[in-house]
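Peer 1: Can you keep this structure in mind? I'll have questions shortly.
Here, each number is a calculation from the coordinates, and none is a lab measurement. It should be emphasised that the depicted structure is a prediction, and the values quoted were computed from it without experimental measurement. Neighbour counts are summed over all protein chains in view; Cβ atoms, including those assigned to glycine, are modelled from backbone coordinates with ideal geometry.
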Amino acid sequence: MTGTRSGAGRARRRLQLLLPLGLPLLATGCGRENLLDPASPQQHKIATLWWVMMGVAWFGLALIGFLLALGWLRRKREGLPGGGGDRVATALVVGLGVAAPIVSLSALFVWSDIFVMRATSAPNPSSTSLTVEVTGHQWWWEVRYPGTRAVTANEIHIPVGARVNLVGKTADVIHSFWIPKLNRKIDLIPGRTNRIVLEATRAGRFRGQCYEYCGLQHAHMGMEVVAESPARFRAWLANMAKDAAAPSTSMQRQGREAFLNEACSGCHQIRGTDAHARVGPDLTHVASRATIAALTLPNETGTLAGWIVDPQHDKPGARMPALDLQGPEVQALVAYLESLR
Amino acid sequence: MTVLAPPVEERVELLDRIWEERPGVLGWLTTVDHKRIGLLFFFTSLAFFAAGGVEALVIRTQLAGPDQRLVGPQTFNELMTMHGTTMIFLFVVPMGLGAFGNYLVPLMLGARDLAFPRLNALSYWIFLASGLFIYTGLFVGQGPDQGWFSYVPLALKQFDPSLGPDFYALGLIFNGLSTTATAINLVTTIFKLRAPGMSLNRLPLFCYAQLAAAGSALILLPPLTLDLVLLELQRKAGFHFFDVAAGGSPMLWQHLFWLFGHPEVYLIVLPAFGITTSIIPTFAKRKMVAAPLVALAELLVAFIGFGVWAHHMFSTGMPTSALVFFAAATFMVVIPSTVQIYAWLFTVNLGRPEFRTPLLFVGAFIVFFVIGGLSGIMFAAIPFDQATTDTYFVVAHFHFIIFGAAVFPILGGMFYWFPKVTGRMYHEGWAKASFWLTFSGTALTFFPMHIAGLLGMPRRVYTYPHGLGWDGYNLAETIGGFILTAGLVLIAANLVFSRLRGAPAGPNPFRGPTLEWATSSPPPPYNFAVIPTVRSEYPGWDDEALFEDRRRLERGLGTYPDGHRQPEATVRDAYPDDVADMPSESGWPVAVAVLLSLMFALTLTSHFVAAGVVAGLAGLAAAAWLWKEPAE
């Protein structure tokens, strides 16, 4: 496993040596949504496709630049170098403008649209070991694991090395699901179900976000795939399927009361309580998530309290209204939510 | 018995009297002169270009750094929607067809006007009214905010109860009438009003490009209009075309939209190709290499362009067979473009090019078009398309096409035909300076967008967080945007100053080979005192034919001095076959446009009965303008 990966890495570095100096950042492989830093065999093929296309493209652009420069350098002289006239020029137009593109584009067509296409397309469900269902909402992601009770939001945990069948749907408008380091995009369209295979070859957090303009807060609709070892994944999934932990301090108990009595429970579900609404994200294990508001804010005491008091400040237009809550109530709510691991 | 021919001056004065239009503002309101209407199109679309440019600068300033709050999401989304809608519908297309096509096609054909002068006037007034209509939304706080592509269900009432999408949809239906009218006019003119002898194989390549663009406009607009009508029926009358629960589909919108949207790209760039194929022979001082192939390529681009629309929809989950078909068609559409690029390049190489400002813009156009074309090819590689679609990589790609490949020739064309339109020369030194400023600004604005896109930056976001590696590229793009703006302002200043103080240009300062250079600068209202006869592909270089035309003027042949008269010619070989009586100035086109505006405004506010009544009045006004005009 390690051998092939570093072999692939070497190949990539070798390709990168061919690059002009214009893209230093890409070559170092950083950028959390860098599609050229693949973490899956599928994305590796797409990245290779890019590097080759880019190399050929630079060559094509250099040829055009050369011909323009030649026109300028020979502006005082008529005819082509070597004395060619109209007939030679027309032959070159046909050769470079018709024949060369037919050959190179046919090759690209076969490689990309038949081979890479096949390797990266929607999986045969029997070839996968796990199905995850993602539903786009304005402006967050609902994540379900069919066959279990697990529901979460904006964080998609998958085991490293497994082929995961990701099923995408939408609850309202069109969204687009893309994890740049893992595979192609799929649009989430009303009345349709699109699928993609996710197959992380290394552990890590792979950021993505909505890529189809979906209204006011399209900019704040992030999500993350968390690829972890199969054992950790199993433990996580088992925990997600459980009901919420009962409050253990009086503060947390007050928080739960507030949650159930205030408007919170009108939209959110906390399994194991009387809050069953499914308008907003499921909060049964909200404290286990790294961020809130679809990767808009880190999930910390201060940001969580700020979010509860005024969601419209950081995400104007978000469907969650600002509630008129008192300070102690907010503190209790935060204490309760932070106990929901 | 022979009547002695009066001298040339008298003949010209007679034509002047016949073709003279009212002076002053009223003259501009009632004009049917294609040159004046072309100028109206030019300045109006330029004003919309400025509006779209200001929107772009606000967008770029907001995105200069992460987490900026210069404007909120609502304003940003309105600006982003209006920027796209403005630049495509209110700037590039009316500039390419309405301004350049309108002004130049009759001159290049040796004609005195477009085939339907009053329709041409109507087309302008509708364009102006539709632009103001769409912008009214923005100014009354109901600006379209659903993106220029207006995907459903986001654009449905359920998700967007404002009037924004209605301003957009009705405004674009309205606008489509203008483009359709112009296109009909151009196609008819190119087929029927060519000077005797200008058989199709001698038709200037500029006119081939206009013909291809206008012809495709006629086919691509109906799908858009249909789509917009369905949208309005659903928004205003409760239909369910796009509603899944009622058996409709949001995919219907996308298919119809891109069936319009992709050919629209060629509608945008074809006039620019035409400008390029005018500028290159003039400054290379030789005929185009492979001219028949270039003409064929211009027509083929427009044709194949209708078979590639679904490459805008590769990630919607279409069946593989459909994906592969549209990818293959997309690869095919590359070939006519490469033919043209090499034909331009080898023409420059074969000749002894003089690198004056218009040729510089054309050179930059070739570079930008190749960059945008190469990244465009990559979108036919489906897996890569599905990775980069809706990222800034796409934004980079289509700005290289629409700004680099369509606007650069337009800028070059502005310098090239400036002496013809104004009779004065522009300042060459400042023009070159403004070229380099515009060129470097464009490269700096749009090239880093490729990298931001590969780093995953999505389109149409009003802000972005720090830490994703996007900050530096965005800052560079914003700086580039301001450099680009400085270049454009310098161009405008040069042209305004030269209009007032420039040296007199004479009829043909660049020794251009097409017929517009065979008449005075600026051309008289009737364009040519004597309708030229054409004996070659480059009549402007045919001194013998030009001399013959002057002799015919002296002898009083071919001046058609009895009324607004214009010879017609056979479609293929341009044998003279009839003489048309052209209409003169009229206020009816303005009246029809005003009534149509009122009709759209009433539809917008859901006063359907009143809108129907006004539509009837518009019909009556249209009938009134067809009334036989009094004899001269």
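Peer 1: For B:Ala327, work out the one condition from (1) among the hydrophobic types (A, V, I, L, M, F, W, C); (2) facing chain A (nearest Cβ under 7 Å); (3) closer than 21 Å to B:Ile268 by Cα; (4) over 21 Å from the mean Cα position of the chain (by Cα) it doesn't fulfil.
Peer 2: (3)
Peer 1: Determine if the stretch A:143-156 includes at least one residue that is assigned to a helix (DSSP H, G or I) and either over 16 Å from the mean Cα position of the chain (by Cα) or in contact (Cβ under 8 Å) with a residue 40 or more places away in the chain (or both).
Peer 2: First, pick out the residues of the stretch A:143-156 that are assigned to a helix (DSSP H, G or I): none.
No, every residue in the stretch A:143-156 fails to be assigned to a helix (DSSP H, G or I) and either over 16 Å from the mean Cα position of the chain (by Cα) or in contact (Cβ under 8 Å) with a residue 40 or more places away in the chain (or both).
Peer 1: Same structure, new question: Residues being at the interface with chain B (Cβ under 8 Å from one of its Cβ atoms) and either among the polar types (S, T, N, Q) or within 14 Å of B:Ala322 (Cα to Cα) (or both): count how many of those fall in the stretch A:113-130.
Peer 2: Looking only at that region, the number is 5.
Peer 1: While we're here: Considering the stretch B:120-175 alone, what residues qualify as being under 29 Å from A:Ala318 (Cα atoms) and of a type in the set (Phe, Trp, Tyr)?
Peer 2: B:Tyr135, B:Phe139, B:Trp148, B:Phe149, B:Tyr151, B:Phe159, B:Phe167, B:Tyr168
Peer 1: Checking the structure you have, find out if any residue of the stretch B:112-127 is touching a residue at least 24 places away in the same chain (Cβ under 8 Å) and within 13 Å of chain A (Cβ to nearest Cβ).
Peer 2: The answer is no; no qualifying residue exists.
Peer 1: Do the conditions hold for B:Leu468, that is, is it buried (at least 24 other Cβ atoms within 10 Å of the Cβ), out of contact with any strand residue (DSSP E or B) (no Cβ under 7 Å at 6 or more places or on another chain), hydrophobic (A, V, I, L, M, F, W, C) and closer than 27 Å to A:Glu224 by Cβ?
Peer 2: no
Peer 1: Then there's this: So if I check each of A:Arg232, A:Arg202, A:Arg253, which one is surrounded by fewer than 22 Cβ atoms within 10 Å (Cβ to Cβ), away from every other protein chain (no Cβ under 14 Å), within 15 Å of A:Glu338 (Cα to Cα) and of a type in the set (D, E, K, R)?
Peer 2: The unique qualifying residue is A:Arg253.
Peer 1: Enumerate the helices (runs of 4 or more DSSP H) found wholly within the stretch A:29-136, keeping only those where 3 or more residues are of a type in the set (Phe, Trp, Tyr) and more than 23 Å from the chain's Cα centre (by Cα).
Peer 2: Result: A:41-73.
Conditions tested, residue by residue: (1) without any contact (Cβ under 8 Å) to a residue 60 or more places away in the chain; (2) touching an Asp or Glu at 6+ places or on another chain (Cβ under 7 Å).
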position	(1), (2)
B:Val269	no, no
B:Phe273	no, yes
B:Pro281	no, no
B:Ala284	no, no
B:Val289	no, yes
B:Pro292	no, no
B:Trp309	yes, no
B:Met318	yes, no
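Peer 1: So, one more: Would you confirm whether or not the stretch B:484-494 contains a residue that is of a type in the set (Ser, Thr, Tyr) and buried (at least 21 other Cβ atoms within 10 Å of the Cβ)?
Peer 2: Scanning the stretch B:484-494 turns up no residue that is of a type in the set (Ser, Thr, Tyr) and buried (at least 21 other Cβ atoms within 10 Å of the Cβ).
Peer 1: If you don't mind, there's one more thing I want to ask. Confirm whether A:Glu155 is touching a helix residue (DSSP H, G or I) at 6+ places or on another chain (Cβ under 9 Å) and either surrounded by fewer than 24 Cβ atoms within 10 Å (Cβ to Cβ) or at the interface with another protein chain (Cβ under 9 Å from one of its Cβ atoms) (or both).
Peer 2: Against the criterion (touching a helix residue (DSSP H, G or I) at 6+ places or on another chain (Cβ under 9 Å) and either surrounded by fewer than 24 Cβ atoms within 10 Å (Cβ to Cβ) or at the interface with another protein chain (Cβ under 9 Å from one of its Cβ atoms) (or both)), A:Glu155 qualifies.
Peer 1: Moving on. Exactly one of (1) surrounded by fewer than 16 Cβ atoms within 10 Å (Cβ to Cβ); (2) over 15 Å from A:Ser339 (Cβ atoms); (3) in contact with a Gly (Cβ under 6 Å, 6 or more places away or on another chain) is unmet by A:Ala263. Its number?
Peer 2: (3)
Peer 1: Which of (1) surrounded by fewer than 16 Cβ atoms within 10 Å (Cβ to Cβ); (2) of a type in the set (Val, Ile, Thr); (3) at the interface with chain B (Cβ under 9 Å from one of its Cβ atoms) is the odd one out, the single condition A:Val110 does not satisfy?
Peer 2: Condition not satisfied by A:Val110: (3).
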